[in-house]
Amino acid sequence: MGTAESILTHSDERAFLGHPKGLFYLAFTEAWERFSYYGMTALLVLYMVNQALLPGHLENIAGFAGFRSAIESLVGPQSPQALASRVFGLYSGFVYFTPVLGGLIADRWIGQRNAVVIGALLMSGGHIAMAFEQSLLLALALLVTGSGFLKGNISAQVGSLYRRDDETRRNRAFVIFSTGINVGAVLGPFVCGALAQVYGWHYGFGVAGLFMLAGLATYLYGYRYLPARVASHHRQTGNLTAREWRRTLAIGAVIGITISNQVAQYQQFNVFPVWVQQHVARQAGGYTIPVPWFNSLEALTSILVAPLLFLLWRWQASRRREPGDLSKIGIGAGLSAVTNLILVVAILSAAGTLIHPIWPALYCVGTGIAFMYYWPTLLALVSRAAPAKVNATMMGIAFLSTFVSNTVIGWIGGFYERMSPREFWALHAAIAATGGLVVLLFGRRLGRVLAADAKQS
């Protein structure tokens with residue numbers, strides 16, 4: 001980073017609430033972006049199942065005939081719901097894969113600031129294209145590509161606003177930044193879901209596009225307060241020692257375990273909305289509850305439960321009973337299993353009638369709590385325990401696990417109509433329970449490897 005950029009990055013550091021002005025432009029930009037992303041994602045499968053992939057509409061989508069032929073050449077003929085699940089799995093998976101490429105391009109050629117602008121422009125175009133039936137595939141391609149440029153690079157800019165030795169303020173900055181993500185995740189499905197139900201799908205998608213444009217405008221307004229390029233600090237190089245290899249492999253195993261948690265949770269954006277639409281009595285006081293509002297409840301739970309979990313863990317730590325990282329991940333898996341069993345119990349209790357909305361609401365609350373047990377814990381574990389030589393690489397692999405899990409849920413969702421709903425959600429309970437069982441069987445061994453090697457490194 002040049003001298004001028006260093007001055008830009010670290011000047012006026014306590015301009016607002018003890019943090020640089022740039023942090024709040026980044027946080028609000030991310031809030032707008034997450035609003036548009038989660039709002040659109042909550043509508044996508046429902047839109048495809050109820051309109052876009054039905055006869056009379058499917059033929060209007062540019063390029064879809066060839067795309068469908070390619071999919072069906074691999075997995076056989078697909079119903080609209082199964083095809084929607086495959087499309088969703090590919091889209092949501094690659095949203096978490098392309099940031100790896102976007103980060104490389106920013107680091108080597110164009111810088112993070114330019115990359116975020118390009119990403120926001122592409123995503124704005126993608127959301128606007130979602131408002132037109134003909135451009136569905138183009139829209140998804142723009143969103144995936146734009147996410148690649150924006151997602152990782154805007155997070156990197158947050159950390160670069162602070163000096164390397166300013167860990168306390170940097171950690172607080174990421175809490176503020178994450179709050180923007182959570183607020184967007186709550187409001188996006190809530191607003192877009194209501195508009196789509198009252199005025200039609202394309203209004204919901206159109207509003208998502210407007211909020212993405214608001215995010216771009218926010219970023220450009222704060223452009224001068226943001227670093228053009230994140231500094232590449234000196235990193236340790238050389239081959240890993242045998243001890244470091246052992247620790248790296250143990251971290252890789254933990255990341256693999258969490259894929260089962262993610263599969264059990266992320267189905268809430270794919271098949272869960274279809275199931276709610278088909279089997280839940282959504283009438284309340286003369287009003288029909290929009291399906292995406294259940295997704296908002298999950299995100300809201302994650303926000304509300306976080307301080308309660310911090311208090312619980314602090315209380316447990318004062319009595320030397322706080323669960324370790326592996327135990328927290330295992331608890332998250334157990335909660336995911338129980339959460340999916342809630343839907344099984346609801347289906348059995350309803351005996352063929354429509355299900356009371358309290359049951360899917362409890363499911364969403366459960367997934368929100370389970371998420372807070374396993375995902376932040378995984379990121380903290382990787383950041384702390386991964387050898388310095390491969391720390392960034394292992395963090396990237398942690399996020400790539402989300403690419404794997406979303407691709408898997410798309411594949412599993414293709415079998416939804418071949419199973420009963422009870423069997424489908426019992427399968428997801430079993431998938432989550434498998435992760436918990438692996439932690440029970442191998443958690444102590446993995447924990448000893450990570451603890452012993454960390455002390456000796």
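The values are calculated or read from the model by the stated rules, or taken from the named source; none is laboratory data. Just so you know, these numbers come straight off a predicted model, no measurement behind them. So basically every Cβ, Gly included, is an ideal-geometry build from the backbone, and we count neighbours across all protein chains shown. Just so you know, the surface numbers come from the protein's heavy atoms only, side chains and all, with ligands and any DNA or RNA stripped out. Shrake-Rupley method; radii C 1.70, N 1.55, O 1.52, S 1.80 Å.
Roughly how many debye, to the nearest 20, is the charge dipole of region 94-232 about its Cα centre, given +1 on each Lys and Arg Cβ, -1 on each Asp and Glu Cβ, and no other charges?
Values: 10 positive and 5 negative charges, 97 e Å.
About 460 debye.
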Legend entry - Å² of accessible area per residue within the chain, as computed with a 1.4 Å probe and no ligands counted: 44 Å²
Inset, instruction - Round to the nearest 10 and report in Å² the accessible area of H356, as given by a 1.4 Å probe over the protein chains' heavy atoms. - result: 110 Å²
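Given contacts defined as C-alpha pairs under 8 Å and at least six residues apart, what's the relative contact order of region 73-204, whole-number percent? Write out the running numbers ahead of the final one.
On the way: 127 pairs, mean separation 30.8, N = 132.
Dividing the mean separation by the residue count of region 73-204 yields 23 percent.
Could you work out what % of the accessible surface of region 186-268 is carbon and sulfur, using a 1.4 angstrom probe and leaving DNA, RNA and ligands out of the count? Working shown, then result.
Details: 2480 of 3850 Å².
With neighbouring chains kept in place, the figure for region 186-268 is 64 percent.
Show me the ranking of peptides 360-371, 25-36 by mean Cβ neighbours inside 10 Å, starting with the highest. Could you put the intermediate results ahead of the total?
Numbers: 360-371: 22.6, 25-36: 25.6.
Going by the mean number of other Cβ atoms within 10 Å, highest first, we get 25-36, 360-371.
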Legend entry - Inter-centroid distance (Cα atoms) of region 307-372 relative to region 386-432, Å: 18 Å
Inset, instruction - Grab the chain and count how many Lys pairs have their alpha-carbon atoms under 24 Å apart, sequence gap of 8 or more, or different chains. - result: 4
Legend entry - Helix-only [θ]222 nm of the chain, DSSP H runs n ≥ 4, -39500 (n - 2.57) each, per residue, nearest 500: -26000 deg cm²/dmol
Inset, instruction - Consider just the alpha-carbon atoms of the chain and return their Rg together with their Dmax, both in angstrom. - result: 22.2, 70
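Count charges around R314 for me, please; just the other residues with Cβ under 13 Å from its Cβ, Lys/Arg as +1, Asp/Glu as -1. Could the numbers behind the result be given before it?
Values: positive: R319, R320, R321; negative: E322.
Surrounding charge for R314 is +2.
Filter the trypsin sites (Lys or Arg not before Pro) in region 240-310 to those in DSSP coil with at most 13 other Cβ atoms within 10 Å of their Cβ, and list the result. Before the final figure, lay out each step's value.
Values: sites: R243, R246, R247, R282; in loops: R282.
When the trypsin sites (Lys or Arg not before Pro) of region 240-310 are filtered for loop state and at most 13 Cβ neighbours within 10 Å, nothing remains.
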Inset, instruction - Principal axes first, then extents: for the Cα atoms of region 319-408, list largest minus smallest coordinate on each axis, whole Å, largest first. - result: 57, 41, 14
Inset, instruction - Quick one: pull the percent of accessible area on region 24-171 belonging to carbon and sulfur, 1.4 Å probe, ligands and nucleic acids left out. - result: 66 percent
Inset, instruction - Taking every Cα atom in region 150-279, find the radius of gyration and the maximum pairwise distance Dmax, and write them in Å. - result: 20.6, 61
Legend entry - Net dipole in debye of region 286-341 [+1 Lys, Arg Cβ; -1 Asp, Glu Cβ; about Cα centre; nearest 20]: 320 debye
